[in-house]
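Below is one structure, written out as structure tokens; the observations come after it.
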Amino acid sequence: MSVSRVPSRRRYLVCEPRHFAVRYAINPWMHPDRPVDVDLARGQWAELIGAYRAHGHTVETAEPVAGLPDMVFAANAALVLGGRVLGSLFHAPERRPESTAYETWFKAAGYDVHRPESVCEGEGDLVPAGRWVLAGTGFRTTREAHREAQEFFGVPVISLQLVDPWFYHLDTALFVLDDGAGGGEANIAYWPEAFSPGSREVLARLYPDAVLATRADAHAFGLNAVSDGRHVFLPPGAGELAARLAHHGYVPVPVDLSEFHKAGGGIKCCTQEIRR
Ligand code: ARG
């Protein structure tokens, strides 16, 4: 395809996997009895950070806290849009202290944090995609939190029903290719089967040119990807999706976070985007 995709520089917030582990099971991927190779995980994570920096993105780090093994999944801590920060309220009691740990980072960086009243897992379920924020529900973030997000940001929030427990966060089933910030149309990639029939119809109406992934791509965490408008950081296992993206003019950048899949997370889960 002849379209030339233009990247834009991003600011990402991440958290080093110093205390990463699988100690409890709050999604079907997690098995506390199966070992995690922490050194491998740290090496894989460092590759991701290296890839972001090599592509011109700014990476900042929140200080990891001992006893919070999922804190590496920075995306879940907040949604930052237009410099406003909507914090998080985790579904699992094990993860609740993460919200305060990230609040510390945001406050030091000069942001006020608005705390949601209902369960809300940040960019895990709230995804700015052009004129709307797409919002997942069914497993974690509640519809009440979608309403809170709409009121807080003043941006229309589109509620989408997730139906497959393996795809418990919106960011495991859908990601934004283009956020429309450069003036063009926003576009997304997703796996339709993770959504209820009505939500599939909504996505097809809003994004008629979306790139669709296969079941195998989705199970390889292919939709838990990060795009800068040109480069798409995605797992090497999502081969069909990478081919489809290339056909649409995007440049796939494979990064393997296999150790994190054992916790039910991937590239996007490890990455919070700070949209000033
Ligand atoms: N173990 C974490 C959980 O179940 C993984 C979170 C993955 N993050 C994401 N943005 N999908 O909460």
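None of the figures in this text is laboratory data; all of them are computed from the coordinates on show. Fair warning: this is a prediction, and the values are worked out from it, not measured in the lab. Here the Cβ positions follow ideal geometry from the backbone for every residue, glycine too, while neighbour counts run over all protein chains shown.
Figures for the structure shown
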item: Fraction of antiparallel bridges per DSSP, region 166-276 only, in percent to nearest 5; result: 50
item: Dipole moment magnitude, nearest 20 debye, region 121-276 about Cα centre, only Lys, Arg, Asp, Glu C-beta charged; result: 100
item: Sequence ranges 235-241, 263-269, ranked by mean other-Cβ count within 10 angstrom, highest first; result: 263-269, 235-241
item: Estimated FRET transfer efficiency when R0 is 25 angstrom, pair Y24-E144 (beta carbons, to 0.05); result: 0.50
item: Distance between region 83-151 and region 1-55 - C-alpha centres, whole angstrom; result: 20
item: Hull shadow area, averaged, region 121-234 [alpha-carbon convex hull, nm²]; result: 6.5
item: Farthest toward positive dipole pole in the chain [+1 Lys/Arg, -1 Asp/Glu at C-beta], among N76, P93, M30; result: N76
item: Two-site FRET efficiency, K107 against V163, from Cβ-Cβ distance with R₀ of 45 Å, rounded to 0.05; result: 0.75
item: For L40, net neighbour charge (Lys/Arg +1, Asp/Glu -1) across residues whose Cβ lies under 13 Å away; result: -3
item: Cα gyration tensor shape for region 84-170, rounded if a/c is under 1.5, else prolate or oblate; result: oblate
item: Cα-derived Rg over Rh, computed across the chain with Rh taken as Kirkwood radius; result: 0.92
item: Net charge of Cβ neighbours under 14 Å - reference V176; Lys, Arg +1; Asp, Glu -1; result: -3
item: Over region 1-159: Kirkwood hydrodynamic radius from C-alpha pairwise inverse distances, Å; result: 16.9
item: Stretchable slack from L206 to S118, in nm (0.36 nm times residue separation minus alpha-carbon distance); result: 29.0 nm
item: Relative contact order of region 174-272, pairs being alpha-carbon contacts under 8 Å that are 6 or more residues apart, as %; result: 23
item: Total charge dipole magnitude, region 64-206, about the Cα centre, Cβ charges on Lys, Arg, Asp, Glu only, Debye to nearest 20; result: 180
item: Structure-based [θ]222 nm, the chain - -39500 (n - 2.57) summed over DSSP H runs of at least 4, per residue, nearest 500; result: -7000 deg cm²/dmol
